[in-house]
Amino acid sequence: MTTAYLTGLGTTAGLIIAIGAQNAYLLSQSVRKNHHIAIALMCTFFDILFISVGVAGVGAFFAQNELLMKIAAYGGAAFLFVYGFFSLRSAFTGKSLGMVNRGDDSLKKVVLTTLAVTVLNPHVYIDTVILLGGISSQFDASNRLMFALGACTASALWFYLLTFAGVRLAPFFSKPLTWKILDISICAVMWSVAVSLII
């Protein structure tokens, strides 16, 4: 059981540590201290939900269906290309933390945006439902539960670590150059993940 738990913990950490759409949005809002706890809660909730669905057997079903895998991969790639483009465009607006803080988003807008980068992002399903669900199928029922617990632990730890890191990094984002580096980095990661999905 310990092996299954650690496998779930390590696999999930490897999948979610790369900056994705969820992570990028959470980080940017944490830097602004703009409803970042609510975003972390939502991201954690949906990750746990999707991991549970995947481990319950949906992931293995998807992994065996080549057409569904292709649809998910190309859909995820398209989403990431578009999100990367917006990040790249944002890099050249010359914003700083002070400028961003003047236009803080309402809780309603933050909730809707978090839902968009989570529920409408096929890459989330590929990671949680398909990949983690498929990997969990190698274990028996009791060990699959431990795998799921390990995966959920890694997800929760990561989102709250990212939230804390964003708050601590706020002083560095007082300069436009820092925002530009972040946005360009996010774009590069988004596009590289999109290309890997297509390949």
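What follows is calculated from the coordinates using simple rules that are stated; it is not laboratory data. Just so it is clear, the structure is predicted and the values come from calculations on it, not from any experiment. Quick reminder, even Gly has a Cβ in these numbers, built from the backbone with ideal geometry, and neighbours come from all protein chains shown.
General remarks:
- Label-point gap, in nm, between Leu67 and Ile199 - each point 7 angstrom along Cα→Cβ: 2.8
- Shown is the FRET efficiency for Phe86 and Leu6, computed with R0 = 41 Å from the Cβ-Cβ distance and rounded to the nearest 0.05: 0.65.
- Debye, to nearest 20: dipole size of the chain, +1 on Lys, Arg Cβ, -1 on Asp, Glu Cβ: 740
- Dipole-positive endmost among Ser192, His123, Pro176 within the chain (Cβ charges, Cα centre): Pro176
- For Lys175, the amide hydrogen comes within under 5 Å of the amide hydrogens of Leu97, counting only partners 5 or more places away or on other chains and with H modelled in the peptide plane.
- With a simple spin-label model that places each label point 7 Å from the Cα along the Cα-to-Cβ direction, the separation between Ser106 and Ala141 comes to 4.8 nm.
- Using C-alpha pairs below 8 Å separated by at least 6 residues, the relative contact order for region 2-198 is 50 percent.
- If R0 is 22 Å, the Cβ-Cβ spacing of Ile184 and Thr113 corresponds to a FRET efficiency of close to 0.60.
- Fewest-first ordering of Thr93, Thr153, Thr12 by other beta carbons within 10 Å of each residue's beta carbon gives Thr93, Thr153, Thr12.
- Whole-angstrom gap from region 176-192 to region 111-175, using each part's C-alpha centre: 21
- Rg over Rh [alpha-carbon atoms, Kirkwood Rh] for region 2-198: 1.00
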